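Here the structure comes first, spelled out in structure tokens, and everything after it is commentary.
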Amino acid sequence: MTNIFDEKNEVKSLWVKWGKINDQIFGTFIASREIDSQLPGKEGEKVKLYEILAEGGEYHELDKKKNPIDPAVKVQVGEVYFVGGKMGIDAQMRRVKVGQRIGMRFTEEKESNTKGFNALKIIKVFAGDMNKEWLANNMPEIGGQIDF
């Protein structure tokens with residue numbers, strides 16, 4: 001019998017990190033929810049979390065000094081990835097429906113207006129067609145009945 005608690009058996013959450021410009025993920029938007037913020041000084045505040053059933057993309061993890069680590073992490077098709085919300089992403093995602101194909105891309109950085117704070121990462125959201133196959137399998141009550 002194998003040791004289930006062996007490090008190689010650990011299941012890790014798939015969080016998209018925006019390490020380098022042009023990091024991206026694309027797939028089907030399948031859910032959003034609110035979680036408690038883990039950021040210092042923001043404890044107790046709620047932040048959005050978006051779940052994407054991946055079709056592709058890549059992104060860079062960050063080291064402890066917030067520098068991107070090469071090589072890029074390849075997004076695994078069919079896995080569910082998490083993207084943390086922030087003001088810019090949240091505003092764009094209000095116009096996206098569950099079951100819609102989307103892409104997110106890190107397009108630029110802007111200097112922070114507050115001295116000592118990290119640069120603002122601009123993430124653009126692109127919306128495409130509805131994933132009718134996913135809707136039919138996961139939301140049968142609407143999947144085959146609404147003409148998107």
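Of the helices (runs of 4 or more DSSP H) lying entirely inside the stretch 34-148, those carrying at least 1 residues that are among the basic types (Lys, Arg) are 132-138.
Please pick out the residue among Lys17, Lys66 that is touching a residue at least 12 places away in the same chain (Cβ under 8 Å), within 25 Å of Glu108 (Cβ to Cβ) and within 11 Å of the chain's Cα centre (by Cα). Of Lys17, Lys66, the one residue that is touching a residue at least 12 places away in the same chain (Cβ under 8 Å), within 25 Å of Glu108 (Cβ to Cβ) and within 11 Å of the chain's Cα centre (by Cα) is Lys17. The set of residues from the stretch 1-33 being assigned to a loop (DSSP other than H, G, I, E, B), of a type in the set (Ser, Thr, Tyr) and within 25 Å of Gln92 (Cα to Cα) comprises just one member, Ser13.
Taking the conditions exactly as written (surrounded by 15 or more Cβ atoms within 10 Å (Cβ to Cβ) and of a type outside the set (Phe, Trp, Tyr)), does Leu62 satisfy them or not? The answer is no for Leu62. Counting the residues of the stretch 69-96 that are over 15 Å from the mean Cα position of the chain (by Cα) and under 25 Å from Lys132 (Cα atoms) gives 1.
Considered as a group, the residues in the stretch 82-125 that are in contact (Cβ under 8 Å) with a residue 60 or more places away in the chain and either in contact with a Cys (Cβ under 9 Å, 6 or more places away or on another chain) or of a type in the set (Val, Ile, Thr) (or both) include one that is surrounded by the fewest Cβ atoms within 10 Å (Cβ to Cβ), and that residue is Thr107.
We did not get these values from a lab; they are worked out from the coordinates using the rules stated. All values derive from a computational prediction rather than experimental measurement. Glycine gets a Cβ as well: all are built from the backbone with ideal geometry, and neighbour counts include every protein chain shown.
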